[in-house]
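*Asks:* Dropping the structure in here first, questions after.
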Amino acid sequence: MEQSITRKVLDNGLTILVVENPSADIVASRIFLKAGSRCEAREKAGLVNLLATVITKGTEKLSSGEIAEKIESVGAVLSANAGTDYFSMNIKTVKADFLPMLELAGEILRSPTFPDSEVELERNLTLQNIRSQQEQPFNVAFDQLRTMMYPNHPYGVSILGTLETAAEITSEDLRSFHKAYFRPDNMVISLCGRITLEEAIAAVEAVFGDWQVSSALPISPPLSPLTSSPQQNAIAQDTQQAIVMLGYLTPSVEEKDYPALKLLNTYLGNGLSSRLFVELREKRGLAYDVSGFYPTRLDSSQFVVYMGTAPENSAIAISGLQQEVERLTKIPLTPEEIQSAKNKLLGQYALGKQTNAEIAQVYGWYEILGLGIEFDREFQAAIAKVTAQQAMQVAYRYFKQPYISLVGPESCLTQ
């Protein structure tokens, strides 16, 4: 069912999106700020992630325990998350408790204190998480791949940061970042559920309407141009299987080739019926796991295919993955193949907008990325229009020489 969505901008620059859905007594909200890890300086990598873990741990009026009690006493959900292109806070509650939860979110977003003890605790947990990821072959391979592809760009570092950078982030760093980026004219509040447009606007006005802007938004650290060249790197790790990853630099969500690449990713690496799964796992028995992804990004994205395979098959795996990607540049999809990919992509897209929380997420995400709420309709229309010839031309444009990341036992690195 097509959702009716209303957009309003308050006098202080805050954007509100409202979708009325009275079917259940639930209101979900996503509060977005354009303050993701791409706003971090490289030497502060991991700052936004640490901020997200600590921001709910104390405000000028409430302690960490008092915040937790307010949320849990009514069975609500209130959490903060860090991403590459944005920061978000999620709220889900019954309608009767929505205004108190929004007031709590306002208190957290506007006056967090980032207590030193909480920062130290969460920083140590983050460092443990980073060390844990360094023991997981998939994460090691992906970290190596993005470092090659984005050597001087925030996308080249995990959202967690590195052991070196995360260890050095202080409470004062968090306060400075919060002061710079947490402001109404850098914020989108997306709501969906049993709430009228008038009620939603009144609630947001009551909590955030008096939040005034006193300075210009900061200029984010300049993002270095992507000047890296495709290369192949390998890391020896004593594992039962080898992880092979191929990456290609591809357009951001704002560019015209984005829909075709989303379609190609669906055809090639999405699910048990995908080309990679059928050809490399089912027919050739090469893969324990094989798939691909093409994340939606504000800056140049990456089209990645990967495989987990027996170490002795790593060279064959690299060749097989590369051949399947390059095939897209030479052989157009059949009418049946492209229609099947469209059906799968659009079907999954529709299923991702079923709940109030999912609807609030999609519209708020598009708005904070600067795409506008109309991108929801435009994207689906663009997918439907992609032809096999266009898809092949787009593939030819971007799928040249890949970046290759290999992780596995020493024996497989010398094949």
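*Asks:* Listed residues ILE189, ILE169; which is open to solvent by less than 10 Å² (accessible area, probe 1.4 Å), hydrophobic (A, V, I, L, M, F, W, C) and more than 20 Å from the chain's Cα centre (by Cα)?
*Replies:* When all the criteria are applied, what remains is ILE169.
*Asks:* So, one more: Considering only region 314-342, state which residues are farther than 17 Å from PHE303 by Cα, in a helix (DSSP H, G or I), open to solvent by 10 Å² or more (accessible area, probe 1.4 Å) and touching a helix residue (DSSP H, G or I) at 6+ places or on another chain (Cβ under 9 Å).
*Replies:* Answer for region 314-342, where residues must be farther than 17 Å from PHE303 by Cα, in a helix (DSSP H, G or I), open to solvent by 10 Å² or more (accessible area, probe 1.4 Å) and touching a helix residue (DSSP H, G or I) at 6+ places or on another chain (Cβ under 9 Å): ALA315, PRO335, GLU337, ILE338, SER340, LYS342.
*Asks:* Looking only at region 249-266, which residues are under 15 Å from PHE379 (Cα atoms) and β-branched (Val, Ile, Thr)?
*Replies:* Across region 249-266, the qualifying residues are VAL253, THR266.
*Asks:* In region 41-78, which residues are in a strand (DSSP E or B), open to solvent by 40 Å² or more (accessible area, probe 1.4 Å) and either on the phi > 0 side of the Ramachandran plot or polar (S, T, N, Q) (or both)?
*Replies:* Listed by number, the list holds a single entry, SER63.
*Asks:* Okay, next question. Filter region 6-20 for residues that are touching a residue at least 60 places away in the same chain (Cβ under 8 Å), open to solvent by 40 Å² or more (accessible area, probe 1.4 Å) and either of a type outside the set (D, E, K, R) or not in a strand (DSSP E or B) (or both) and give the result.
*Replies:* Selection gives THR6, ASP11.
*Asks:* I'm trying to understand the selection: among the residues of region 393-415, which are in a helix (DSSP H, G or I), open to solvent by 30 Å² or more (accessible area, probe 1.4 Å) and not aromatic (Phe, Trp, Tyr)?
*Replies:* Of everything in region 393-415, those that are in a helix (DSSP H, G or I), open to solvent by 30 Å² or more (accessible area, probe 1.4 Å) and not aromatic (Phe, Trp, Tyr) turn out to be GLN393, ARG397, GLU410, SER411, LEU413.
*Asks:* Which number in (1) open to solvent by 10 Å² or more (accessible area, probe 1.4 Å); (2) assigned to a helix (DSSP H, G or I); (3) in contact with a Gly (Cβ under 7 Å, 6 or more places away or on another chain) marks the one condition that ARG38 misses?
*Replies:* Condition not satisfied by ARG38: (3).
*Asks:* Another question about this same structure. I'm told GLY372 meets every condition in (1) outside any helix (DSSP H, G or I); (2) at negative phi; (3) in contact with a helix residue (DSSP H, G or I) (Cβ under 8 Å, 6 or more places away or on another chain) except one. Can you identify the failing condition by its number?
*Replies:* Every listed condition holds for GLY372 apart from (2).
*Asks:* I've got another one for you. Is it true that PRO332 is within 30 Å of CYS39 (Cβ to Cβ) and modelled with pLDDT of 95 or more? Steps first, answer last, please.
*Replies:* Details: within 30 Å of CYS39 (Cβ to Cβ): no; modelled with pLDDT of 95 or more: yes.
So PRO332 does not fit the description; no.
*Asks:* Which ones in region 262-286 are open to solvent by 10 Å² or more (accessible area, probe 1.4 Å) and in contact (Cβ under 8 Å) with a residue 24 or more places away in the chain?
*Replies:* LYS262, ASN265, TYR267, ASN270, GLY271, SER273, ARG275, GLU279, ARG284, LEU286
*Asks:* So, one more: Residues that are open to solvent by less than 70 Å² (accessible area, probe 1.4 Å) and among the acidic types (Asp, Glu): does region 97-106 have at least one?
*Replies:* The first filter runs over region 97-106 and keeps only residues open to solvent by less than 70 Å² (accessible area, probe 1.4 Å), leaving 97-98, 100-102, 104-106.
So of that shortlist, the ones also among the acidic types (Asp, Glu) come out as 97.
Yes, region 97-106 has at least one match.
*Asks:* OK, next. Give region 234-272 a look and list any residue that's in a strand (DSSP E or B) and touching a Leu at 6+ places or on another chain (Cβ under 8 Å), or say none.
*Replies:* ALA234, ILE235, ALA236, ALA242, ILE243, VAL244, MET245, LEU246, GLY247, LEU249, THR250
*Asks:* Considering only residues of region 357-384 that are over 19 Å from the mean Cα position of the chain (by Cα) and touching a residue at least 24 places away in the same chain (Cβ under 8 Å), which is least open to solvent (accessible area, probe 1.4 Å)?
*Replies:* Filtering first and then ranking leaves ILE383.
*Asks:* I'm checking my understanding of the structure. Among residues of region 88-124 that are hydroxyl-bearing (Ser, Thr, Tyr) and over 25 Å from the mean Cα position of the chain (by Cα), which one is farthest from TYR181 (Cα to Cα)?
*Replies:* Taking region 88-124 first, the residues hydroxyl-bearing (Ser, Thr, Tyr) are 88, 93, 111, 113, 117.
If we keep only those that are over 25 Å from the mean Cα position of the chain (by Cα) too, we end up with 111, 113, 117.
On the way: SER111: 13, THR113: 15, SER117: 23 Å.
Checking each candidate, the answer is SER117.
*Asks:* Any residue that is among the charged types (D, E, K, R) and under 20 Å from the mean Cα position of the chain (by Cα) - is there at least one of those in region 31-38?
*Replies:* Yes, region 31-38 contains a residue that is among the charged types (D, E, K, R) and under 20 Å from the mean Cα position of the chain (by Cα).
*Asks:* Name every residue in region 226-260 that is small (Gly, Ala, Ser) and modelled with pLDDT under 90, in order of residue number.
*Replies:* SER228, SER229, ALA234, ALA236 - these are the residues of region 226-260 that are small (Gly, Ala, Ser) and modelled with pLDDT under 90.
The values are calculated or read from the model by the stated rules, or taken from the named source; none is laboratory data. All figures in this text were calculated on a predicted structure; none of them were measured in a lab. Virtual Cβ from ideal backbone geometry, glycine too; neighbours counted across all protein chains shown. SASA here: full protein model, heavy atoms, side chains in, ligands and nucleic acids out. Shrake-Rupley method; radii C 1.70, N 1.55, O 1.52, S 1.80 Å.
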